[in-house]
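Participant: This is the structure I have questions about; it appears just below.
The values are calculated or read from the model by the stated rules, or taken from the named source; none is laboratory data. Because the structure is a prediction, the values reported are computed rather than measured. Every residue, glycine among them, receives a Cβ derived from its backbone with ideal geometry; neighbour counts consider all protein chains shown. Remember, those area values only see protein heavy atoms, side chains included, never the ligands or the DNA or RNA. Shrake-Rupley method; radii C 1.70, N 1.55, O 1.52, S 1.80 Å.
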Amino acid sequence: MGRQDKLLTKILSGSSDANIRFDELCGLLSNLGFDMRVRGSHHIFRKAVVIEKLNLQRDGDMAKPYQVRQARNVIVKYKLGGQ
């Protein structure tokens, strides 16, 4: 199991939303096919088949827990994790 797979499993489990590194979450979303645009501190992720856009901001080195939940909801809703 690769690092991205472990991160995806960790996010989908919902057990540690406050312990997801921002750069890892951005990398995972990019690997899932999202296009990233940066405007100041906002990292905006869009994908053609996804209606919602994900707007992420750093909280130090970590991703904000509510934004991890939003990313999980999009991954589950559109079955992007292959699970």
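Participant: All but one of (1) surrounded by 12 or more Cβ atoms within 10 Å (Cβ to Cβ); (2) modelled with pLDDT of 95 or more hold for Gln4; state the number of the condition that does not hold.
Facilitator: Looking at each condition in turn, Gln4 falls short on (2).
Participant: Using the structure shown, decide if Lys10 is open to solvent by 70 Å² or more (accessible area, probe 1.4 Å), among the basic types (Lys, Arg), under 17 Å from Gln70 (Cβ atoms) and without any contact (Cβ under 8 Å) to a residue 12 or more places away in the chain.
Facilitator: Values: open to solvent by 70 Å² or more (accessible area, probe 1.4 Å): yes; among the basic types (Lys, Arg): yes; under 17 Å from Gln70 (Cβ atoms): yes; without any contact (Cβ under 8 Å) to a residue 12 or more places away in the chain: yes.
Answer is yes for this residue.
Participant: Check the stretch 46-64 and report whether any residue there is open to solvent by less than 90 Å² (accessible area, probe 1.4 Å) and among the basic types (Lys, Arg).
Facilitator: Yes, the conditions are met somewhere in the stretch 46-64.
Participant: Another one. For the stretch 47-77, give me each residue that is more than 23 Å from Ala18 (Cα to Cα) and either basic (Lys, Arg) or out of contact with any Phe, Trp or Tyr (no Cβ under 8 Å at 6 or more places or on another chain) (or both).
Facilitator: Of all residues in the stretch 47-77, those more than 23 Å from Ala18 (Cα to Cα) come to 47-51.
Hits for the stretch 47-77 are Lys47, Ala48, Ile51.
Participant: With respect to Gly81, is the statement that it is exposed (fewer than 13 other Cβ atoms within 10 Å of the Cβ) and modelled with pLDDT under 95 true? Explain how you work it out, then say what you get.
Facilitator: Values: exposed (fewer than 13 other Cβ atoms within 10 Å of the Cβ): no; modelled with pLDDT under 95: yes.
For Gly81, the condition - exposed (fewer than 13 other Cβ atoms within 10 Å of the Cβ) and modelled with pLDDT under 95 - is not met.
Participant: Can you tell me which residue in the stretch 38-83 is farthest from Ser13 (Cα to Cα), limited to those that are among the charged types (D, E, K, R) and in contact (Cβ under 8 Å) with a residue 40 or more places away in the chain?
Facilitator: So the first thing to find is which residues in the stretch 38-83 are among the charged types (D, E, K, R), and the list is 39, 46-47, 52-53, 58-59, 61, 64, 69, 72, 77, 79.
From what's left, in contact (Cβ under 8 Å) with a residue 40 or more places away in the chain: 61, 69, 72.
Numbers: Asp61: 21, Arg69: 10, Arg72: 9 Å.
In this case the residue turns out to be Asp61.
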